[in-house]
1. Are any of the residues in region 173-183 within 24 Å of Ala110 (Cβ to Cβ), under 41 Å from the mean Cα position of the chain (by Cα), surrounded by fewer than 17 Cβ atoms within 10 Å (Cβ to Cβ) and free of Cβ contacts under 8 Å to residues at least 24 places away in the same chain?
2. Does Arg105 meet the test of being modelled with pLDDT under 90 and surrounded by 14 or more Cβ atoms within 10 Å (Cβ to Cβ)?
3. Can you name the residue in region 1-30 that is among the basic types (Lys, Arg) and free of Cβ contacts under 8 Å to residues at least 40 places away in the same chain and, of all such residues, is farthest from Met75 (Cα to Cα)?
4. If a residue must be farther than 19 Å from Arg5 by Cβ and either assigned to a helix (DSSP H, G or I) or of a type in the set (Val, Ile, Thr) (or both), how many such residues does region 19-63 contain?
5. Filter region 45-61 for residues that are of a type in the set (Ser, Thr, Tyr) and surrounded by fewer than 20 Cβ atoms within 10 Å (Cβ to Cβ) and give the result.
6. For Thr219, all conditions in the list (1) buried (at least 17 other Cβ atoms within 10 Å of the Cβ); (2) under 30 Å from Asp136 (Cβ atoms) hold save one; what is the number of the exception?
7. Filter the strands (runs of 3 or more DSSP E) completely within region 254-373 down to those with at least 1 residues that are at pLDDT 85 or above, in contact with a Lys or Arg (Cβ under 7 Å, 6 or more places away or on another chain) and exposed (fewer than 13 other Cβ atoms within 10 Å of the Cβ).
Amino acid sequence: MTRKRDYYEVLELSRDADQDQIKSAYVRLARKYHPDFNPGDETAEAKFKEVTEAYEVLSDPEKRARYDRYGHAGMEGDGPGGFHGPSVDPFDLFAQMFGMAGLGRRGPQAGQDILVEVEIDLLEAATGTTRTVEVDRAERCGECQGSGVRPGSRPVTCPRCRGMGVFIQQAGFFQMQTTCRACDGKGTVIRDPCDRCRGSGMVEVRRRIEVQIPPGVDTGTRVRVRGEGDAGEAGARRGDLFVQIRVREHPLFRREGPHLICTVPVSFTQAALGAEIEVPTLQGREKISLPRGTQYGHQIRLRGKGMPDLRGRGSGDLIVQIVIEVPRKLTKRQEELLRELAQIEQKNVTPQQKSFLEQLKDWWGKGTDTPKT
């Protein structure tokens, strides 16, 4: 597989180039490789498209910052920030910047992209899953093979532009062109349209497409399925299908990036005396040890038990957050024991409690008197 070149290398620039230098480099290289100046040279056309792709990213401060941080991975559909790669037609961009004759958009147009949403649960997001989606997409008409004309008929030369597809105006040393609106720049018009597609060359078809959802996705992640969007004009590529993910909330786990947080209730005696308890993980149950004197809000981190990284770089952690439950109802014996404990605590005040009481005395200004409970 051919390595995708660095955008700065494509435009022959250093990484600290300013916007004027980026635009100047694009103008120079786009002129050099434009297919109108290199007829029949497929290598030049490929370089022209590569130059435009690089310019689209580096001329946009937000995209450039993302590219500088993540490289080409940041420009893909599953990359950080959700950017889905260059989308500007290179010939349209060139025509907008130069307005020169013969340099407008050329060739058939690619198909449009399609976006659908899929909902999955947290476990599916962690392990990856497969979904079958239904999409209504444009496909080339089978009746006329995408030509738009009734079988047996042919398009006719556009009478407005006489088959040129454009109108050319002289402006000093420059020639300016505008696309013919009657034929949309094709140079031909359809007089006898196909009955099925009514001259568009396209029909809408519902398709079922299987989508592989990788481990580690989160709400807002977009998975790209290349070539499953609308059909393009004859000779052009299909658009892509983008599947936007929505992950349902889980009753036990709260997600924070790659990490999961699980709140686990324990009794007062377990917290005070220490205990071995079971906690849930995405992989099943796991035993952990509570130290003696565990406080409310104490956290225990289980390394690697969180969500997997979307790019396969390990997994996050599971953070077990301890909360201490106060019983709402007590048996007679439980109440007796707690009252006995309360009496003991009044006689043997812990250092932490004593410090707090001393602060209260200072605040209330009551000397050595202890507030009554």
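1. yes
2. Values: modelled with pLDDT under 90: yes; surrounded by 14 or more Cβ atoms within 10 Å (Cβ to Cβ): yes.
Yes.
3. The selected residue is Arg28.
4. The total comes to 11.
5. Matches in region 45-61: Ser59 only.
6. Result: Thr219 fails condition (1) only.
7. Because the criterion is at least 1 residues that are at pLDDT 85 or above, in contact with a Lys or Arg (Cβ under 7 Å, 6 or more places away or on another chain) and exposed (fewer than 13 other Cβ atoms within 10 Å of the Cβ), the strands (runs of 3 or more DSSP E) in region 254-373 that meet it are 275-281.
Each row is one residue, and each column tells you yes or no for (1) without any contact (Cβ under 8 Å) to a residue 24 or more places away in the chain; (2) over 26 Å from the mean Cα position of the chain (by Cα); (3) assigned by TED's automatic domain parsing to the domain that holds Glu124.
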| position | (1), (2), (3) |
| --- | --- |
| Phe268 | no, yes, no |
| Gly274 | yes, yes, no |
| Arg285 | yes, yes, no |
| Ile288 | no, yes, no |
| Pro291 | yes, yes, no |
| Gln295 | no, yes, no |
| Gln299 | yes, yes, no |
| Ser315 | no, no, no |
| Ile319 | no, no, no |
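The values are calculated or read from the model by the stated rules, or taken from the named source; none is laboratory data. Keep in mind that what you see is a predicted model, and the values were worked out from it rather than measured. Neighbour counts are summed over all protein chains in view; Cβ atoms, including those assigned to glycine, are modelled from backbone coordinates with ideal geometry.
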